[in-house]
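Q: Would you mind keeping the following structure in view while I ask a few things?
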Amino acid sequence: MEQNINESIERSKLKIVQSLVYKNYKEAIEIYSRLIELQENNAQESSLLAERAGVYLLAKQYKDALNDSNNAINLDETNIYAHIQKSQSLYHLGQLKNARKAIQVGRQTIGADQRFDECEVFISKSWLTLDASYSALLDFISSWFNPNLYKIK
């Protein structure tokens, strides 16, 4: 049964990647929502919530991204992407001080990590336009998608 669920997740993630390539964020969010409903493992659910938060960020649905990030952190406080997505959400909501604090909390919980440094640099460049922010965020998110997870056997 667990193997069938894992295969379903892998197939679904392929569909998510396709949706992201075509900027069909609504479809990607719906697929993530179905996957999240199937989860019984807190760490896996946390990971999926953080990934969906990334899609919400791309869709400029910042409050939803923040909500998913917070839920992901509540399930697994060591989920670095949840902390980063939270920081990015707060940044786009205009809460720069809270965005920096989210990075600090992540560092205190998880420890030093270059990804926190990169996120902090991104936030400190508040002069970025939304288009430049979108491009940088898309590059950042695509850097942590592991293509090996999406191969169908």
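The values are calculated or read from the model by the stated rules, or taken from the named source; none is laboratory data. What you see is a predicted model; the values in this text were computed from it and never measured. Because the Cβ atoms are built from the backbone with ideal geometry, glycine has one as well, and the counts that use them run over all protein chains shown. The protein model used for the area step is the full one, side chains on, heavy atoms only, and it has no ligands, DNA or RNA in it. Shrake-Rupley method; radii C 1.70, N 1.55, O 1.52, S 1.80 Å.
Q: Out of the range 49-67, which residues are closer than 15 Å to Ile80 by Cβ and in contact with a Phe, Trp or Tyr (Cβ under 6 Å, 6 or more places away or on another chain)?
A: Ala50, the sole residue that qualifies.
Q: Right, here's the next one. On the basis of being modelled with pLDDT of 95 or more and not in a helix (DSSP H, G or I), does Lys153 make the cut?
A: no
Q: Do you know which residues across the range 91-101 are assigned to a helix (DSSP H, G or I) and open to solvent by 10 Å² or more (accessible area, probe 1.4 Å)?
A: Those that are assigned to a helix (DSSP H, G or I) and open to solvent by 10 Å² or more (accessible area, probe 1.4 Å): Tyr91, His92, Leu96, Lys97, Asn98, Arg100, Lys101.
One line per residue, one yes/no per condition, for (1) open to solvent by less than 10 Å² (accessible area, probe 1.4 Å); (2) within 20 Å of Ala99 (Cα to Cα); (3) hydroxyl-bearing (Ser, Thr, Tyr):
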site: Ser19; (1), (2), (3): yes, no, yes
site: Tyr22; (1), (2), (3): no, no, yes
site: Tyr25; (1), (2), (3): no, no, yes
site: Ile29; (1), (2), (3): no, no, no
site: Leu35; (1), (2), (3): yes, no, no
site: Gln39; (1), (2), (3): no, no, no
site: Val55; (1), (2), (3): yes, yes, no
site: Lys60; (1), (2), (3): no, yes, no
site: Leu66; (1), (2), (3): no, yes, no
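Q: Evaluate the range 106-125: report whether one residue or more is outside any loop (DSSP other than H, G, I, E, B) and at pLDDT below 65.
A: So far as the range 106-125 goes, no, none of its residues is outside any loop (DSSP other than H, G, I, E, B) and at pLDDT below 65.
Q: Sticking with this structure for a sec: Based on this model, can you work out whether Ser47 counts as open to solvent by 30 Å² or more (accessible area, probe 1.4 Å), hydroxyl-bearing (Ser, Thr, Tyr), within 30 Å of Ser124 (Cβ to Cβ) and assigned to a helix (DSSP H, G or I)?
A: Details: open to solvent by 30 Å² or more (accessible area, probe 1.4 Å): yes; hydroxyl-bearing (Ser, Thr, Tyr): yes; within 30 Å of Ser124 (Cβ to Cβ): yes; assigned to a helix (DSSP H, G or I): yes.
Judged against the criteria, Ser47 is a match.
Q: Taking the stated definitions as given, is Ile73 farther than 21 Å from Glu10 by Cβ, in a helix (DSSP H, G or I), in contact with a helix residue (DSSP H, G or I) (Cβ under 9 Å, 6 or more places away or on another chain) and among the β-branched types (Val, Ile, Thr)?
A: For Ile73, the condition - farther than 21 Å from Glu10 by Cβ, in a helix (DSSP H, G or I), in contact with a helix residue (DSSP H, G or I) (Cβ under 9 Å, 6 or more places away or on another chain) and among the β-branched types (Val, Ile, Thr) - is met.
Q: Can you tell me which of Lys13, Lys86 is touching a Ser or Thr at 6+ places or on another chain (Cβ under 9 Å), among the charged types (D, E, K, R) and buried (at least 19 other Cβ atoms within 10 Å of the Cβ)?
A: Criteria check complete, one pass: Lys86.
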